[in-house]
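Right, one structure below, let's go through it.
The values are calculated or read from the model by the stated rules, or taken from the named source; none is laboratory data. Computed from a predicted structure; not experimentally measured. Glycine gets a Cβ as well: all are built from the backbone with ideal geometry, and neighbour counts include every protein chain shown.
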Amino acid sequence: MVNVMYEGTVYDVTNASYPFKIPTPVPREALRLANAGDVTVIRQILTAVVMMNHRRLLTAHPWKCVECQKPATTLQLHPMSYLHLETGPMIYDQPGPTCERRQCQDAHNESHHQMVYELAGTRPGEYKPVEKRN
């Protein structure tokens with residue numbers, strides 16, 4: 001087993017925050033396959049790691065929905081794979097607390113995607129290759 005660091009910060013509408021850094025064991029062979037480019041294994045690792053820690057993050061604070069301020073009942077997860085890092089495999093996430101309303105969940109996910117597009121300098125559906133650094 002190899003520890004994959006699951007890290008990020010949960011924020012809610014009240015500006016409450018919970019930074020987390022949770023080592024989570026992953027089979028060494030799965031990590032090898034992920035780093036060889038097996039997209040199915042990458043998705044399996046991301047899903048397994050975030051779901052193993054979902055309840056812990058959800059119950060770390062009495063979160064309020066980021067859209068309507070009602071008590072949060074779930075976290076919208078946005079894991080990003082950094083399993084390839086030589087300094088140690090990592091998954092970065094910015095979970096967003098939401099209530100049970102689908103409208104709030106969809107609105108949060110849309111605003112998160114918009115933020116990612118702005119940071120990447122792209123628009124939805126537009127591909128912008130990343131230059132490799134030596």
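Summary of values
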quantity	calculated
Selection from the range 88-118 of residues that are charged (D, E, K, R), in a helix (DSSP H, G or I) and surrounded by fewer than 13 Cβ atoms within 10 Å (Cβ to Cβ)	R102, E110, E118
Boolean, A30 is of a type in the set (G, A, S) and outside any helix (DSSP H, G or I)	no
Any pair with Cβ under 8 angstrom, 6 or more apart, that starts in the range 90-117 at a residue that is more than 25 Å from R56 (Cβ to Cβ) and at pLDDT 95 or above and ends at one that is surrounded by 14 or more Cβ atoms within 10 Å (Cβ to Cβ) and of a type in the set (D, E, K, R)	Q103/E67
Scan of the range 7-27 for residues that are among the aliphatic types (A, V, I, L, M) and outside any strand (DSSP E or B), ordered by number	V13, A16
Checking M80 against (1) surrounded by 14 or more Cβ atoms within 10 Å (Cβ to Cβ); (2) under 16 Å from G8 (Cβ atoms), the condition it does not meet	(1)
Number of the condition not met by D38 [criteria: (1) at pLDDT 95 or above; (2) surrounded by fewer than 16 Cβ atoms within 10 Å (Cβ to Cβ); (3) farther than 16 Å from T87 by Cα; (4) among the charged types (D, E, K, R)]	(1)
Residue in the range 52-69 that is loosely packed, with under 12 Cβ neighbours inside 10 Å and either assigned to a strand (DSSP E or B) or among the small types (G, A, S) (or both) present	no
Top-ranked residue of the range 1-35 - restricted to ones that are of a type in the set (D, E) and under 16 Å from the mean Cα position of the chain (by Cα), ranked as modelled with the lowest pLDDT	D12
Answer from Y6, Y11 - the residue that is surrounded by 14 or more Cβ atoms within 10 Å (Cβ to Cβ), among the aromatic types (F, W, Y) and closer than 18 Å to N109 by Cα	Y11
